[in-house]
Amino acid sequence: MAAYVLKRILQGVLTVWFIATATFLAMHNVPGDPLSGERATNAAIQANLEARYGLDKPLTEQYLIYLGNMMRGDFGISFTQQNREVNDIIREHFPVSATLGILAVTFAALGGILWGALTSLYRNRMPDYVIMFLVILGISVPSFVFAALGQLALVNLNSLLGVSVLPVAGWGTVSHMILPALVLGLGTMAYLTRLMRSSMLEVMTADYIRTAKAKGLTPTRIFTRHQLRNAVLPVVTVLGPAIAAITTGGFVVELVFAIPGLGRYFVQAVQQLDYTVIMGTTVFYGAFLVFMVILVDLIYGWIDPRVRLK
Amino acid sequence: MSISKIPVRTLRPADFELLPAQSAAPVIVRPSRSYWQDAWARLKTNKRALVSLYIIIALILFTFAGPLVWRVDPARQDVDQISVGPGVDRRAIVVEPWQAWDGSSLAPGYDSGEGLQLAADPTTQSVRLLWSEVPGATYYRLYRNLFSATDIDALGIPMADFSAGGRRWYEDLLDLQPREYFYSITAFDANNQRMDEFLTISADVTRVITMDEVRSKELGVDIDRLQLGDEVFLTFHPLGTDYLGRDMLARLMAGAQVSLFIGLLAPLLFVSFGVLYGATAGFVGGRVDQLMMRIADFVVALPFLLFMILFQVVFGIGPGESGIIPMLVALVLLSWPATARLVRGQIMQIREEAYVSAARLLGGSHMYLIFRHMIPNTLGVILVTLTFAVPSAIFTEAFLSFIGMGVAPPTASWGSMSNEALKTMLTHPHELFFPALMISITVLAFNLLGDGLRDALDARMRGME
Amino acid sequence: MKQPRTPDDRLLSAAGRQLSAYALMAIAFLIVLMFILNWLAGLTSSSSGMSRFGVDVENNSINAFLRNEPPQMDTMRSTDAISGVVLGHVMEGLLRYDENGELVAGIAERWEQNGTEITYWLRDNARWSNGDPVTAHDFEFAWKKVLEPATASQYSFILYPILNAEKANQGELPVDAVGVRALDDKTLQVTLEAPIAYFDRIVAFVTFLPAQKEFFEQTQGRYGADADKMLYNGPFMMTSWVHGASLRLERNPFYWDPSRAKLDAINFAHMTSDSNTLLNLFKDGQIALTDLTTQMLEEAMFQRWPLERFAEGTVFFTDLNHRPERLTSNFNLRKALQLAQDSDELVNRVIKLPGYLPGISMFPEWVQGVNGLLREEFPPAVHRRNVPLAREHLQKALDELGLERLPPLVLLSGDTPVARLQAEYYQELWRRELGIEIRIDEQTFRQRLDKMSAGDFDLVLSGWGPDYNDGLTFADLYASWNLNNRGRYINPELDAYVRIAQTSLDQVERVRAFGMIQQIVYDDVVHISNYERGYVYSTDPRLKGVVRRVFGAETDYSYAWIEAEAN
């Protein structure tokens, strides 16, 4: 077990190095100069700027410096926010993205399991049709449309009621989180509902359920201990990737709801060609993703004894 | 699942009589059906999947045959019909070309009087206004409103300021639509304070067009017999126009070509690559397999959207390029490992199956094994993967367009059209509705078809439902 | 079906009960989770003291927005308009712009120019937000810091009129040689390279703001990175800055003119440029002011919001590449492109926003002449669209170039919505009217700049905003030595007029030079004028006295006050 974990971690570190190198090479091949400003700079100013960011050194030296600094957990100084370190940016903005992501995944998982179970119970009846219609909407409408429409609906609700039910944008309190998290989790929720539904249907006809019924167990016990529990397992498997995808994919929601998450910073950094922020964010997210997957694998092996780690 | 009781019947003497001799043994024949025939039969019973299939065929027809039927240039701009919704009044009166106004001449039937007034018939070319001096005013501000002006604090859009003693006329040219406008004017005194009264007037604008425009727009009327004051119909746009007056239907078709190109080709490419890669790894096994799978793991570990964006930036889009190819390449580069893993798993599994071992023992060659057993048995899974990859590719394209990293203008895609339209969502919902609807329909159709295919092809599912 | 209690039904109802129990548990769990997350998030982003209302009468504070996170508050490195808005509230230079846009005394009480020597006498009661007096040394320190090569300030060039500033910035001379000296705590003496007429207008720019040396050194390179990493000498001071989310300004008790700030606090509670989001926030009463796009005007009129307009004072134009190897260096081709278009149609029919003005000159409306506005004293050439004449010019151009057909031209553009709109509009316009194929090259900000500097374009959608309140900030744009002359237009005649505008001390002569430059730019089609950018915006009716102007903070709340709903 320990050897397995160690091996996985080692692989993870190697992957992060790969990501770091790929990003570094990508960034230094991007057309455009991160130091150019709206006002053309003369040679002297340009030289001063390049010296400040170490861009005047040969590429291999830059790469070694970059790797060395990264090893010490230092991603350098941002190009646009010239007195802020990339570390500060990640430290301040990643928790926001993570909070939003965790909440969205929780919404998605709880909602998906509940709706999925409900539709399977009421198969081919009204609740099933209604929920499955909503699921189809959730799967087929792009998230930016949902985000914009959700905000519009909320502002009209607020003005209709004359009180602010929920704030329409911004960040800071619980009330700010609800709508963005819902919008962000909606697609995943729809996906999980479908998964849960088919998983429930499969379990319902399983032999052990028939056995349980034959044994004369109470319906409650059959449902919770046997049906639900087994049906949830496939849902748990996809949660790991879902968390990662949602946390790193919250750009749209962060942009629409003016949330100071890392995703929005990344998009801005790309538009501004802010090398250090782009590299820092990518490597950080890469590492996050890699170790998240390892963690989920370990947890899954622990939950489901049928999966043996080798 | 209620167990019905089998009614018990007692035996009668007739039951013990001999049966007459039969000419031949009953032949129980079921037509032999291949895997694919079986799958197709199963798919046919799945209504949703079938409807989805028809929708997809319709979409492809819309994309490729559509432009042959609806021969409108998607790039052609009609600045007289910008952001027009479907089914609006298209009538226009033919008038003389617009001439700049100096504020002195009055149209017949209009004469200067007190207060704010019109100096000519208000048309979509221009609205001409005159007003008389207010004592004590140092300057005036003219407003335009879409609703009747009743509140001095909300007179509408401030159009211009005029100092007293200067000109007392204004010609409004700004985006005039055939509807009623309300113009108001307020005066400000020497202390820069607004005076309490305002003058207001309504102008009912009629849509007009000049001879030259009729000619250049090819409206299909006989120019020679056309006279000033005649009524003509402007170009017909069944789904309305966008923010530059381009035909929505034609643009949706053009956008479909881009969206479906990316949405279909990218999955096809990366799934094929994944199949080759995964099959090789799975079939060869051993160290090679280990190495190949590690490489796939690296790629899987890349944060997908971040790298999509990075790729877009690194490739860059040159002048006149649409940006489709970089997006395609990036999608393929980042998406293949999932298929590769899946196929490898399948191949590894099938390799251990008894029938493969049997075939091998009977002397089947590698080629035979691959083509007779491996590929047909994985094809179902591959097909399902492919179907589900289409919606995600379409979404990725839409998403990238949303954050401004998508296709370059003037290329249209459904994603970029939706993105542009979000800004005008409030006033021109049709601009958002149609492309978003197309995305939704496509994504939905492929998802449902994927479901149907999975049910039809997946051996485990046979016999259920 | 009718039988009430089959085993399935029992299972169903039991399951239903179970599910509802789970649902309740899930909701409870969600609520707990949200509070935990809220607490965790609170560790990184405190929104203490921020009201949810756009106008908070009780606390005498307002909520406003910024279009983006200000990159930094370090006045020596700051280059952008958003930082400029905040700095305009919290900092004050020697001179500043008042609510009417007039240049007035700021920290300097009075000043005197004597040839190349200018002396500023500072106010005795000017103090920093920690109570220390603002001294002449603070200015000397900051200016020299800007010029230090290690600071790598992008705007250091704006100090170049000062003696030895350019050489010091290039590392050829020590910064001590720069012509700025504190004679005592309250007297600052500046020596210029040559006498110029407009130095007092330049000195109101952000880069000339002071900084206290002791404090600056304490921050260890993080000056202006956070609210507590800076000292303020303006009417407000920053008390909190949650990056990317919000920024809070409170009244500065040490400001020399206690009567100026009337609000107790200004919260920049949202940082976003998404116009839909801003509209929704305004509609929800969470911000006190919002800009409106064309599509939002109908809604705004329906809601009966008071609307105002404001011209930002920047000009936008299509720059042409005059490098000899480019087709656009041909005058007739340029003329054809110019004659086929019409900025009236662009603004009135395509952009459609009432705040925008059709572009008719390289100088925006506000530029001053001798006694009045420059454009009244020297009216710009009257442009009329003339397609037949444009086609004649095109034919001439083809003959001169020896071409049958014109190869496609590259139109470089930014990725903002208006730039995209404009690019698509022009592409179709020139194709339709002249049969010229235009290839749009849409690039993000820095890539576009890079291509502009490299001359990798035929046409580029560009713009220019003023740095200081003098026509020269526009007039020298096409001087052959100006690096911002991206199309490398070279014309000795124009250069000569620029020299006059730069060096002459006679305003009449300078304004005449501006007028001549304006004429050359139109006649020789140096660029094609597109529009002057403006905004239509709406303010909460209770908030009065918001200033929007060309110089200083673009949106200035420092003079604003709240009028509770009495009327």
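Can you name every residue in segment A:128-179 that is hydroxyl-bearing (Ser, Thr, Tyr) and over 20 Å from the mean Cα position of the chain (by Cα)? Hits for segment A:128-179 are A:Tyr129, A:Ser159, A:Ser164, A:Thr173, A:Ser175. Restricting segment C:334-377 to residues that are within 22 Å of C:Asp467 (Cα to Cα) and of a type in the set (Gly, Ala, Ser), the residue that is farthest from the chain's Cα centre (by Cα) is C:Gly372. Residues in segment C:264-276 that are surrounded by fewer than 22 Cβ atoms within 10 Å (Cβ to Cβ) and more than 7 Å from every other protein chain (Cβ to nearest Cβ) were compared, and the one that is modelled with the lowest pLDDT is C:Ser273.
Would you check which residues across segment C:180-203 are assigned to a loop (DSSP other than H, G, I, E, B) and either free of Cβ contacts under 8 Å to residues at least 24 places away in the same chain or in contact with a Gly (Cβ under 6 Å, 6 or more places away or on another chain) (or both) and list them? Lay out the reasoning, then the answer.
So in segment C:180-203, the residues assigned to a loop (DSSP other than H, G, I, E, B) come out as C:185-186, C:193-198, C:203.
Passing the criteria: only C:Pro195.
For C:Tyr537, the stated conditions hold: it is at pLDDT 90 or above, over 14 Å from C:Phe363 (Cα atoms) and in a strand (DSSP E or B). Listed by position, the helices (runs of 4 or more DSSP H) contained in segment A:214-310 that have at least 3 residues being of a type in the set (Asp, Glu) form an empty set.
Of all residues in segment B:143-184, count the ones that are among the aliphatic types (A, V, I, L, M) and over 30 Å from B:Arg90 (Cα atoms). Explain how you work it out, then say what you get.
Residues of segment B:143-184 that are among the aliphatic types (A, V, I, L, M), as a first pass: B:146, B:149, B:152, B:154-155, B:157, B:159-160, B:164, B:173-174, B:176.
From what is left, the residues that are over 30 Å from B:Arg90 (Cα atoms) are B:152, B:154, B:160, B:164.
Residues in segment B:143-184 being among the aliphatic types (A, V, I, L, M) and over 30 Å from B:Arg90 (Cα atoms): 4 in total.
The single condition among (1) modelled with pLDDT under 90; (2) within 29 Å of the chain's Cα centre (by Cα) that C:Arg127 does not meet is (1). Within segment B:219-243, the set of residues being in a loop (DSSP other than H, G, I, E, B) and over 28 Å from the mean Cα position of the chain (by Cα) comprises B:Leu219, B:Gly220, B:Val221, B:Asp222, B:Leu226, B:Gln227, B:Leu228, B:Gly229, B:Asp230.
For segment A:151-191, name all the residues that are on the phi > 0 side of the Ramachandran plot and touching a helix residue (DSSP H, G or I) at 6+ places or on another chain (Cβ under 7 Å).
The initial filter retains those residues of segment A:151-191 that are on the phi > 0 side of the Ramachandran plot, namely A:162, A:170, A:172.
Passing the criteria: only A:Gly170.
Taken over segment C:495-510, the residue count meeting the criterion of being out of contact with any Ser or Thr (no Cβ under 8 Å at 6 or more places or on another chain) and crowded, with 20+ Cβ neighbours inside 10 Å is 3. Filtered by the rule that a residue be free of Cβ contacts under 8 Å to residues at least 12 places away in the same chain, assigned to a helix (DSSP H, G or I) and within 12 Å of chain A (Cβ to nearest Cβ), segment C:277-301 gives C:Thr277, C:Asn280.
Quick check: is even one residue across segment B:155-163 part of a loop (DSSP other than H, G, I, E, B), touching a Phe, Trp or Tyr at 6+ places or on another chain (Cβ under 8 Å) and within 24 Å of C:Lys544 (Cβ to Cβ)? Checking segment B:155-163: at least one residue is part of a loop (DSSP other than H, G, I, E, B), touching a Phe, Trp or Tyr at 6+ places or on another chain (Cβ under 8 Å) and within 24 Å of C:Lys544 (Cβ to Cβ).
Being facing chain C (nearest Cβ under 7 Å) and surrounded by 15 or more Cβ atoms within 10 Å (Cβ to Cβ) holds for only one residue in A:Ile90, A:Ile102, and it is A:Ile102.
Against the definition (outside any loop (DSSP other than H, G, I, E, B) and over 30 Å from B:Ser392 (Cα atoms)), how does A:Tyr208 come out, yes or no?
Working: outside any loop (DSSP other than H, G, I, E, B): yes; over 30 Å from B:Ser392 (Cα atoms): yes.
For A:Tyr208, the condition - outside any loop (DSSP other than H, G, I, E, B) and over 30 Å from B:Ser392 (Cα atoms) - is met.
In segment B:303-326, what residues are within 27 Å of A:Thr247 (Cβ to Cβ) and free of Cβ contacts under 8 Å to residues at least 24 places away in the same chain? Steps first, please.
As a first pass, look at segment B:303-326 and keep what is within 27 Å of A:Thr247 (Cβ to Cβ): B:303-315, B:326.
Scanning segment B:303-326 gives B:Pro303, B:Leu306, B:Leu310, B:Phe311, B:Val314, B:Phe315, B:Pro326.
Any residue at all in segment C:434-444 that's of a type in the set (Val, Ile, Thr), part of a strand (DSSP E or B) and in the same structural domain as C:Thr314 (by TED's automatic domain parsing)? Yes, the conditions are met somewhere in segment C:434-444. Scanning segment A:222-259 for residues that are more than 9 Å from chain C (Cβ to nearest Cβ) and over 30 Å from B:Leu302 (Cβ atoms) yields a count of 5.
Being in contact with a helix residue (DSSP H, G or I) (Cβ under 8 Å, 6 or more places away or on another chain) and more than 14 Å from chain A (Cβ to nearest Cβ) is true of C:Leu103.
Find the residue count for segment A:272-296, including only residues that are within 14 Å of chain C (Cβ to nearest Cβ) and under 18 Å from the mean Cα position of the chain (by Cα). Summing the residues that are within 14 Å of chain C (Cβ to nearest Cβ) and under 18 Å from the mean Cα position of the chain (by Cα) in segment A:272-296 gives 2. Here B:Val329 clears all of (1) closer than 30 Å to C:Asp458 by Cα; (2) aliphatic (A, V, I, L, M); (3) free of Cβ contacts under 8 Å to residues at least 12 places away in the same chain except the condition numbered (3). Taking the conditions (1) over 46 Å from the mean Cα position of the chain (by Cα); (2) within 13 Å of another protein chain (Cβ to nearest Cβ) in turn, B:Glu133 satisfies each one other than (2).
Right, A:Ala181: closer than 24 Å to A:Leu134 by Cα, within 11 Å of chain C (Cβ to nearest Cβ), touching a Phe, Trp or Tyr at 6+ places or on another chain (Cβ under 8 Å) and at pLDDT 80 or above or not? Full working, then the answer.
On the way: closer than 24 Å to A:Leu134 by Cα: yes; within 11 Å of chain C (Cβ to nearest Cβ): yes; touching a Phe, Trp or Tyr at 6+ places or on another chain (Cβ under 8 Å): yes; at pLDDT 80 or above: yes.
Yes; evaluated as a whole, the condition is true for this residue.
Residues in segment C:433-443 that are surrounded by fewer than 22 Cβ atoms within 10 Å (Cβ to Cβ) and within 8 Å of chain B (Cβ to nearest Cβ): C:Arg439 only.
All conditions in (1) in contact with a helix residue (DSSP H, G or I) (Cβ under 9 Å, 6 or more places away or on another chain); (2) outside any helix (DSSP H, G or I); (3) more than 8 Å from every other protein chain (Cβ to nearest Cβ) hold for A:Arg194, with the sole exception of (2).
Quick grid of which residues meet (1) within 24 Å of the chain's Cα centre (by Cα); (2) surrounded by 22 or more Cβ atoms within 10 Å (Cβ to Cβ); (3) modelled with pLDDT under 85; (4) not assigned by TED's automatic domain parsing to the domain that holds B:Gly404:
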{"site": "B:Phe304", "(1), (2), (3), (4)": "yes, no, yes, no"}
{"site": "B:Ile309", "(1), (2), (3), (4)": "yes, yes, yes, no"}
{"site": "B:Phe315", "(1), (2), (3), (4)": "no, no, yes, no"}
{"site": "B:Gly318", "(1), (2), (3), (4)": "no, no, yes, no"}
{"site": "B:Gly323", "(1), (2), (3), (4)": "yes, yes, yes, no"}
{"site": "B:Val332", "(1), (2), (3), (4)": "yes, no, no, no"}
{"site": "B:Thr339", "(1), (2), (3), (4)": "no, yes, no, no"}
{"site": "B:Gly345", "(1), (2), (3), (4)": "no, no, yes, no"}
{"site": "B:Glu352", "(1), (2), (3), (4)": "no, no, yes, no"}
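Scanning segment B:131-143 for residues that are outside any loop (DSSP other than H, G, I, E, B) and in contact with a Leu (Cβ under 8 Å, 6 or more places away or on another chain) turns up B:Leu142, B:Tyr143. Looking across C:Pro408, C:Pro358, C:Pro417, one residue alone is within 19 Å of B:Leu244 (Cβ to Cβ) and free of Cβ contacts under 8 Å to residues at least 60 places away in the same chain. It is C:Pro417.
Grab the strands (runs of 3 or more DSSP E) fully contained in segment C:69-124, keeping just those with 3 or more residues being without any contact (Cβ under 8 Å) to a residue 40 or more places away in the chain and not β-branched (Val, Ile, Thr).
Hits in segment C:69-124: C:108-114.
The values are calculated or read from the model by the stated rules, or taken from the named source; none is laboratory data. A quick note: this is a predicted structure, and the numbers were derived from the prediction, not measured. Heads up, the Cβs are rebuilt from the backbone with ideal geometry, glycines too, and the neighbour counts pull from every protein chain shown.
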